[in-house]
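Heads up, the thing below is written out as structure tokens.
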Amino acid sequence: MIDLHCHMLPGIDDGASDLSVAVGMAQTAVADGVTVVACTPHILPGLYHNTGPQIREACNRLQAILDQQGIALKLVPGADNHIVTDFVAGLRTGRLLTLADSRYVLVEPPHHVAPIRLEELFFELLVAGYVPILTHPERLSWIKTHYSIFLRLARGGVWMQITASSLIGAFGRSPRYWAERMLDEGHVHILATDAHDLTHRPPNLRAGFERAAERVGRAEAENLVLNRPMGVIANDPVSTMAPPMAALSADIDAPHASELRRDGDIRAADTPSAFDLRGLSRGLRRLFERRPRQQPDLE
């Protein structure tokens, strides 16, 4: 398996606190069946002042230590890039990082507030030639009131990455519900650990894979943890990779769903009947209207 979202680099963000934890996470990942990990520390102005060059250097240092200790894990650089106004420019200058220097880039929205012009940001990335991967949408507290936005983004070319721990219930009922729902409906492209340590948020991709296989079948589960991640690292075009598959049965058990409905966490209006292509059109139109038009050459 390949884990495309992991905070393994020591002392660089809220992930591995020191080298011993980082090495332990690597050993756990290998024992779990993972062969490649994307080291994706936060890049968040004001809190985690990481940059592309710093992350590359830290990734190379940890790789050398793993090699010396005979730990068969390949590391590739990346970042958990929080939303900033100059996102595309940051990628072009190398301040922000794509995954393994590919066209694929992790994008993390705020956890508790729906950002304005979110769809415009993703359209800008798509138009610039990147494939944005929205990280752990199931754990965002505002998904229950803005679910239609995630569906429009997924149908418009934005990839969705859910967390293995969400599928097995480690983050609670609501993230598990939304992870299962997105998976069942065929909106999830990548399953990753977003591991931070060895105890509270350990590398556990195998458990998430098994849970995903129960819902969408082993072939699609392998797409989530191996085939699409392999394509990301190879920088393959999206067109060469299988699109997400929905669950074959609408009767898959979700024992917590009725409780969430009673709690008011699930609203019928959250789910549009179909993808609204007009939303994509409006987003692209707003994007290009903001750009100054070139004056005709009168000579």
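The values are calculated or read from the model by the stated rules, or taken from the named source; none is laboratory data. It should be emphasised that the depicted structure is a prediction, and the values quoted were computed from it without experimental measurement. Every residue, glycine as well, gets a Cβ built from its backbone with ideal geometry; the counts of neighbours run over all protein chains shown.
Exactly one residue among Arg211, Arg206 is within 20 Å of Glu185 (Cβ to Cβ) and in a helix (DSSP H, G or I), and that residue is Arg211. Pairs are defined by a Cβ separation below 9 Å, a sequence spacing of at least 6 or placement on different chains, a first member in the range 43-58 that is assigned to a strand (DSSP E or B), and a second member that is exposed (fewer than 13 other Cβ atoms within 10 Å of the Cβ); the pairs so defined are Ile43/His49. Of all residues in the range 113-122, which are of a type outside the set (Gly, Ala, Ser) and either outside any loop (DSSP other than H, G, I, E, B) or touching a residue at least 24 places away in the same chain (Cβ under 8 Å) (or both)? Within the range 113-122, Val113, Pro115, Leu118, Glu119, Glu120, Leu121, Phe122 qualify.
Any idea which of (1) on the phi > 0 side of the Ramachandran plot; (2) modelled with pLDDT under 95 is the one Val113 doesn't satisfy? Single failed check for Val113: (1).
Residues are listed down the side, and each one gets a yes or a no for (1) closer than 19 Å to His42 by Cβ; (2) touching a helix residue (DSSP H, G or I) at 6+ places or on another chain (Cβ under 6 Å); (3) small (Gly, Ala, Ser):
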| residue | (1), (2), (3) |
| --- | --- |
| Lys74 | no, no, no |
| Gly94 | yes, yes, yes |
| Arg117 | no, no, no |
| Thr135 | yes, no, no |
| Ile162 | yes, yes, no |
| Ala179 | no, yes, yes |
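Does the range 95-112 contain any residue that is under 18 Å from Met160 (Cβ atoms), of a type outside the set (Gly, Ala, Ser) and part of a helix (DSSP H, G or I)?
Checking the range 95-112: at least one residue is under 18 Å from Met160 (Cβ atoms), of a type outside the set (Gly, Ala, Ser) and part of a helix (DSSP H, G or I).
What about Leu125, is it among the hydrophobic types (A, V, I, L, M, F, W, C), over 30 Å from Gly172 (Cα atoms) and surrounded by 15 or more Cβ atoms within 10 Å (Cβ to Cβ)? Yes, satisfied. For the range 183-203, name all the residues that are closer than 21 Å to Thr40 by Cα, among the acidic types (Asp, Glu) and either free of Cβ contacts under 8 Å to residues at least 40 places away in the same chain or assigned to a helix (DSSP H, G or I) (or both). None - no residue of the range 183-203 is closer than 21 Å to Thr40 by Cα, among the acidic types (Asp, Glu) and either free of Cβ contacts under 8 Å to residues at least 40 places away in the same chain or assigned to a helix (DSSP H, G or I) (or both), so the list stays empty. State all residues of the range 123-153 that are in contact (Cβ under 8 Å) with a residue 60 or more places away in the chain and in a helix (DSSP H, G or I); if no residue qualifies, say none. Residues satisfying the conditions are Phe123, Glu124, Val127, Tyr147, Ser148, Leu151, Arg152. The set of residues in the range 148-163 that are hydroxyl-bearing (Ser, Thr, Tyr) and surrounded by fewer than 20 Cβ atoms within 10 Å (Cβ to Cβ) contains only Ser148. Just for the range 50-80: of the residues that are of a type in the set (A, V, I, L, M) and surrounded by 17 or more Cβ atoms within 10 Å (Cβ to Cβ), which one is nearest to Ile133 (Cα to Cα)? My answer is Ala79.
Of the numbered criteria (1) surrounded by fewer than 21 Cβ atoms within 10 Å (Cβ to Cβ); (2) hydroxyl-bearing (Ser, Thr, Tyr); (3) in contact with a strand residue (DSSP E or B) (Cβ under 8 Å, 6 or more places away or on another chain), the one Ser141 fails is (3).
Residues are listed down the side, and each one gets a yes or a no for (1) hydroxyl-bearing (Ser, Thr, Tyr); (2) under 26 Å from Phe209 (Cα atoms); (3) touching a Gly at 6+ places or on another chain (Cβ under 8 Å):
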| residue | (1), (2), (3) |
| --- | --- |
| Ile2 | no, yes, no |
| His7 | no, yes, yes |
| Val23 | no, yes, no |
| Ala29 | no, yes, no |
| Thr35 | yes, yes, no |
| Ala38 | no, yes, yes |
| Gly52 | no, no, yes |
| Leu96 | no, no, yes |
| Val107 | no, yes, no |
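Being part of a strand (DSSP E or B) and among the charged types (D, E, K, R) is true of Asp3.
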